[in-house]
Amino acid sequence: MFTDLGTDSVRLSIPARSEYIHVLRSVTAAVAGRLPLSLDDVDDLRLAVDEACARLLALPGEPATFRLDLRSLPDRLEVVAAVDTPTQTWPPIGFEDTLSWRVLSALAESVRFELWNGAPAIRIVKRTISRNGR
Amino acid sequence: MTARARVDLQELDERELFGMLPKDTAAREELTRRFLPLAEYLARRFSGRGESQDDLFQVASLGLLNAIDRFDLSRDVQFSTYAAVTIVGELKRHFRDKGWAVRVPRRLQEIGLRINAVLPELSQQLGRSPTIDEIAARCDANAEEILEAMEASHAYATSSLDAPAGEDGAAPIEVLGSDDPSMELLEEWASVAPAVRDLPQRERTVLYLRFFRGLTQSEIAREVGVSQMHVSRILSQTLRELREAVNPGAPVAEPELLEEID
């Protein structure tokens with residue numbers, strides 16, 4: 001019934017502009033929809049990608065490219081949203097007190113601010129439903 | 001216009017005022033003033049469709065001005081009736097020009113309605129929110145269509161933040177327990193993002209339940225008495241608005257466009 005993606009990964013690279021965020025949102029939903037994730041989870045991921053991208057776009061240094069990496073693992077989906085511009089302060093000081101953080105951490109099992117090739121990235125992890133219920 | 005002239009005009013009835021048109025701009029202003037509440041009322045009836053109340057009011061006001069200019073006294077119709085028709089026409093045209101509502105393919109609208117219809121029962125049977133595949137099976141559609149319909153519902157009917165709270169039977173936030181410690185957290189959060197305080201009650205309630213009480217979208221839908229898709233729309237729209245308020249210069253994600261599914 002579910003397409004077994006194994007440990008497939010889907011990678012996307014698009015211009016870092018707000019008008020392209022919906023592409024990342026749609027791709028995320030399309031990939032998540034193929035996995036044993038609930039409707040709520042799929043919607044949460046959509047919101048989380050929206051938020052993560054908005055957060056990354058607001059960084060100084062005018063990033064040129066957005067990268068999105070969706071990796072399906074046996075028990076979870078990992079989504080990494082990243083930009084290509086290295087930044088001095090990442091994660092930003094006091095990020096735990098921001099709207100962004102509050103929202104992101106409520107939308108996924110785990111959220112981490114990371115560096116990807118020296119550039120800011122946000123990793124979002126959503127656990128899939130086990131075959132025997134929740 | 002002098003204060004005296006204004007008082008005099010206020011004593012005239014509609015027919016007399018219309019008789020002074022088109023020459024007398026003061027009479028035109030007086031008519032506008034009298035019927036602006038009608039424009040406002042009609043604009044409010046179009047809220048909840050993704051347009052700000054200010055924009056709708058502006059469109060409705062324009063409709064009113066057109067109605068005043070075109071009204072023909074010799075016709076046997078009340079101006080208020082004529083104005084209402086003109087204003088509603090203007091509001092409808094506004095939505096049509098925006099390409100909303102009409103551009104979502106009927107097929108997707110129907111699937112959207114079916115999703116809303118089967119979700120509560122399906123969730124109850126499973127004891128959790130169903131997967132896309134499970135919804136697809138129940139709706140007699142495929143997973144892609146379900147995802148498209150979900151997306152389309154975001155694009156054309158984003159709930160207005162100015163929609164009167166409680167319009168969908170939203171539970172007042174007080175009912176949820178004001179001595180709840182997470183309520184204090186929301187207050188605290190409001191100091192970081194003051195716009196939270198300005199949110200209409202329903203939006204605040206949904207935000208609070210999702211991000212401070214950790215309820216799922218389906219649970220919120222049950223609690224507040226709206227569909228899951230509506231909760232989803234409220235969340236994405238509210239977050240977008242808050243983002244803008246927190247960081248006015250920040251780029252804001254565009255609402256989903258429909259081009260790719262048409």
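The values are calculated or read from the model by the stated rules, or taken from the named source; none is laboratory data. In this text the structure is predicted, and so the values were computed from the model without any measurement. Please note: Cβ atoms are built from the backbone with ideal geometry, for glycine as well, and neighbour counts cover all protein chains shown.
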> When the range B:33-53 is examined, which residues are found to be more than 19 Å from B:Leu9 (Cα to Cα) and without any contact (Cβ under 8 Å) to a residue 24 or more places away in the chain?
Replying inline: B:Glu40, B:Tyr41, B:Arg45
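Each row is one residue, and each column tells you yes or no for (1) of a type outside the set (A, V, I, L, M); (2) closer than 15 Å to A:Arg102 by Cβ; (3) at pLDDT below 80.
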position: B:Arg204; (1), (2), (3): yes, yes, no
position: B:Leu207; (1), (2), (3): no, yes, no
position: B:Thr216; (1), (2), (3): yes, no, no
position: B:Glu219; (1), (2), (3): yes, no, no
position: B:Gly225; (1), (2), (3): yes, no, no
position: B:Ile234; (1), (2), (3): no, no, no
position: B:Thr238; (1), (2), (3): yes, yes, no
position: B:Gly249; (1), (2), (3): yes, no, yes
position: B:Val252; (1), (2), (3): no, no, yes
> How about the range A:89-107: which of its residues are in contact with a Phe, Trp or Tyr (Cβ under 8 Å, 6 or more places away or on another chain) and facing another protein chain (nearest Cβ under 8 Å)?
Replying inline: A:Leu99, A:Arg102, A:Val103, A:Ala106
>> Just to be sure I understand, how many residues within the range A:99-110 are of a type outside the set (A, V, I, L, M, F, W, C) and surrounded by 17 or more Cβ atoms within 10 Å (Cβ to Cβ)?
In response: 2
> Counting just the residues of the range B:201-228 that are assigned to a helix (DSSP H, G or I) and surrounded by fewer than 18 Cβ atoms within 10 Å (Cβ to Cβ), which one comes out nearest to the other protein chains (Cβ to nearest Cβ)?
Replying inline: B:Arg222
> Within the range A:97-120, is even one residue over 21 Å from A:Val10 (Cβ atoms), in a loop (DSSP other than H, G, I, E, B) and at pLDDT 85 or above?
Replying inline: yes
>> Considering only the range A:65-81, I want to know if a residue exists there that is more than 15 Å from the chain's Cα centre (by Cα) and surrounded by 17 or more Cβ atoms within 10 Å (Cβ to Cβ).
In response: no
> Looking only at residues in the range B:106-151 that are polar (S, T, N, Q) and facing another protein chain (nearest Cβ under 9 Å), which one is surrounded by the most Cβ atoms within 10 Å (Cβ to Cβ)?
Replying inline: B:Thr131
> Restricting attention to the range A:82-93, which residues are buried (at least 21 other Cβ atoms within 10 Å of the Cβ) and more than 20 Å from A:Thr28 (Cβ to Cβ)?
Replying inline: none
